[in-house]
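In what follows, a structure is listed as structure tokens, so that the remarks can point back to it.
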């Protein structure tokens with residue numbers, strides 16, 4: 001292969017990987033041949049092998065490219081919001097998460113392909129020690145010490161952070177429009193209230209109402 005400048009090499013790889021993603025999301029990784037990727041990209045089969053030795057190397061390169069892109073996005077949009085359980089901050093966090101999910105649906109589709117066809121071999125690193133990774137992104141935001149019996153702030157924040165992603169993934173990828181039976185704003189407000197105020201007051205109130213009715 002003639003020696004290409006870095007930006008030309010990069011552009012060709014992106015073209016191939018975008019084509020591969022389109023085919024993978026239509027018919028799965030194992031149901032796709034390298035020839036089909038070449039046809040989708042509009043290049044020769046031999047030319048693909050100038051860039052990648054195997055089909056899985058294409059997949060791995062896609063994951064690495066998305067990882068880099070998502071890391072930059074996280075650093076710029078999510079990191080400033082990490083740590084605070086203030087309801088107003090959590091509203092902003094939910095909006096940032098929504099934007100990431102809705103703007104990059106192919107990233108999540110690629111992850112689901114990996115879960116189904118590779119046992120999450122290529123994405124598992126994202127979820128290992130997840131809360132610890134959040135603390136590394138913004139150590140000052142999680143430096144509060146927990147007293148005996150108190151809820152760990154890092155655990156609480158990580159739980160709602162992941163819940164926001166789950167909510168919007170169900171809405172965007174699973175076709176579960178208003179799956180909690182209300183608008184996004186109302187649903188997020190309820191999730192924030194549950195995570196910050198808990199169910200205690202509502203549960204106590206319902207219990208008292210039930211006892212009064214029995215009397």
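Where a number appears in this text, it was derived from the coordinates with a stated rule and is not lab data. The structure displayed is predicted, hence computed values, not measured ones.
Quick one: angle between helix 184-197 and the longest Cα principal axis of the chain, in degrees between 0 and 90, rounded to 10, please. Roughly 60 degrees between the two axes.
Seen against the Cα atoms of the chain and their longest principal axis, helix 55-73 is set at about 50 degrees.
Return the calculated 222 nm mean residue ellipticity for the chain, to the nearest 500 deg cm²/dmol, obtained by summing -39500 (n - 2.57) across DSSP H runs with n ≥ 4 and dividing by the residue count. Rounded to the nearest 500, the figure is -21500 deg cm²/dmol. Volume of the convex hull of region 6-104 (Cα atoms only), normalised per residue: 119 Å³.
Ordered from longest to shortest, the equivalent ellipsoid semi-axes for region 62-214 are 31, 21, 15 Å, each the square root of 5 times a Cα gyration tensor eigenvalue. The angle between the Cα long axis of helix 87-103 and the main principal axis of the chain comes to about 20°, on a 0 to 90 degree scale.
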